[in-house]
Amino acid sequence: MTGLEAPASRVSTGVRAQVEAADLLVPGSGHSCLGSVLPAVAGALGLTDVPGAGDAQLLLRLPDASRVCVVLVDGLGHTNLAERAGHAPFLRRRLPDSTPLTSTFPSTTATAMGTFGVALPPGRTGMLGYTVRDPATGELGNLVSWTGLPPARQWQREATVFERLVAAGTSVTSIGPARFAGSGLTEAALRGPTYKAAESLAARVDATVDALRRPGVAYLYWGDVDKAGHHHGWGSWQWGDALAELDAELGRLARMLPRDTVLVVTADHGMVDVDRSQRWDVGTDAVLGAGVALVAGEPRALHLHLEPGVDAALVADRWRDTLGSAAVVATRDDATSDGWFGEVADHVLPVIGDVVVAMTGRATVVDSRTQTAASLDLVGVHGSLTRHEMLVPCLVVA
């Protein structure tokens with residue numbers, strides 16, 4: 001048991017029935033989790049003392065190598081890629097022989113990056129959404145901008161896989177934009193490597209190739225696919241162009257990598273395009289807002305923190321009555337026992353909402369009291385348990 005899966009004996013059959021009826025995917029159910037990628041990399045390098053390395057290497061079918069390049073593409077869902085694969089000939093050729101992984105819940109960057117980097121579920125990392133409630137202050141904090149939160153190493157206490165690799169004497173280089181060097185999210189989820197700043201995708205590819213002139217690991221992050229999806233939708237021509245640019249540069253990267261290098265391409269989450277006819281606003285809906293002190297998370301995956309003395313089961317029933325088939329609504333106990341967050345540490349438990357909401361289809365619940373106008377205007381969204389959001393690629397090129 002790695003903590004990425006829920007013990008079967010603790011599963012709440014009522015919530016699981018709702019999840020299955022809505023064709024949703026709980027992390028790790030039927031697929032390996034995104035948190036298996038870096039342990040598999042350790043296994044490929046022969047570092048079997050990294051927890052789970054050997055098993056993960058076998059699951060992800062990574063061959064032994066002296067160099068591994070990991071590319072994480074923000075927002076590139078497996079299903080999204082498969083349905084728009086005409087824009088990506090390099091990636092398309094690898095899809096038939098690949099098996100997708102599951103993201104986290106919420107299926108959002110901060111949460112998924114925590115599990116990717118630490119190889120533990122959100123219930124251990126405390127990375128539980130775009131925004132979270134800080135139990136120490138009762139205030140809303142943002143895990144992407146890292147505002148309104150304690151220092152990153154205080155919030156996310158677990159060692160990262162990169163730290164373990166570096167401690168074992170492995171050269172590890174992280175390549176991304178300058179603004180991410182030393183950021184809260186980087187420190188929480190990906191601390192340990194030497195950081196090389198590069199802005200354009202072509203520059204990041206070049207920096208990656210340079211880093212792998214010696215044995216070790218290079219990690220490259222690219223965020224423009226996600227950005228195009230948020231602003232234009234993943235079905236847009238802009239998203240297709242962003243995918244085509246990525247695909248061309250990944251092809252160039254594969255051609256330039258030294259021999260004995262394994263290339264792994266994955267992602268943090270996928271995306272759905274919002275249906276504004278299926279949108280509710282806690283800020284203006286008296287029924288949804290009753291008894292709710294603070295809404296954390298995001299419009300596809302909500303943590304409802306209730307006013308003192310309010311019964312979570314009653315609030316959950318009221319939200320179910322209002323949202324109907326547009327959501328699966330669970331109390332904290334039911335969501336945790338059903339494995340939505342994996343193994344949950346004691347200090348993380350109060351970060352989870354008293355009530356947790358996973359949206360279905362393309363529906364959203366927003367809170368106009370705390371969310372910006374720009375965030376309310378997004379076309380592409382993610383965070384919930386649908387296949388488009390939860391399945392991410394794991395493409396291996398050796």
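Between the exposed loop cleavage positions of the chain, defined as trypsin sites (Lys or Arg not before Pro) in a non-H, G, I, E, B DSSP state with at most 15 neighbouring beta-carbon atoms within 10 angstrom, the longest gap is 260-368. Taking amide H positions as modeled 1.01 Å from N, with prolines and chain starts lacking one, the residues under 5 Å from residue 262 and 5 or more places away or on another chain are 67, 68, 69. The slack in the chain from residue 137 to residue 244, taken as 0.36 nm per residue of separation less the alpha-carbon distance, amounts to 34.1 nm.
Between the listed residues 229, 148, 186, the Cα displaced farthest toward the positive end of the dipole of the range 138-269, a dipole computed from Cβ unit charges relative to the Cα centre, is found at 186.
Annotation for the range 41-141: chymotrypsin sites (Phe, Trp or Tyr not before Pro) lying in DSSP loop with at most 15 further Cβ atoms inside 10 Å of their Cβ do not exist.
Work out, in µm²/s and without decimals, the Stokes-Einstein translational diffusion coefficient of the range 151-280 at 25 °C, 0.890 mPa s, Rh from Kirkwood over C-alpha pairs.
Details: Rh = 16.5 Å.
Answer from the Stokes-Einstein relation: 149 µm²/s.
Between the amide H of residue 360 and those of 327, 328, distances stay under 5 Å, these residues lying 5 or more places away or on another chain, with hydrogens modeled in the peptide plane. Cα-based values for the range 254-371, radius of gyration first and Dmax second, are 18.1, 63 Å.
Only helical DSSP H runs with n ≥ 4 go in: add -39500 (n - 2.57) per run for the chain, normalise by residue count and round the 222 nm mean residue ellipticity to 500 deg cm²/dmol.
On the way: 18 runs with 136 residues, N = 398.
That calculation yields -9000 deg cm²/dmol at 222 nm.
Seen from all directions on average, the range 1-141 presents a Cα convex hull projection of 11.0 nm².
Since every read-out is calculated from the coordinates, none of them should be taken as a lab result. Note that the structure is a prediction, hence the values are computed from the model and not measured. Quick reminder, even Gly has a Cβ in these numbers, built from the backbone with ideal geometry, and neighbours come from all protein chains shown.
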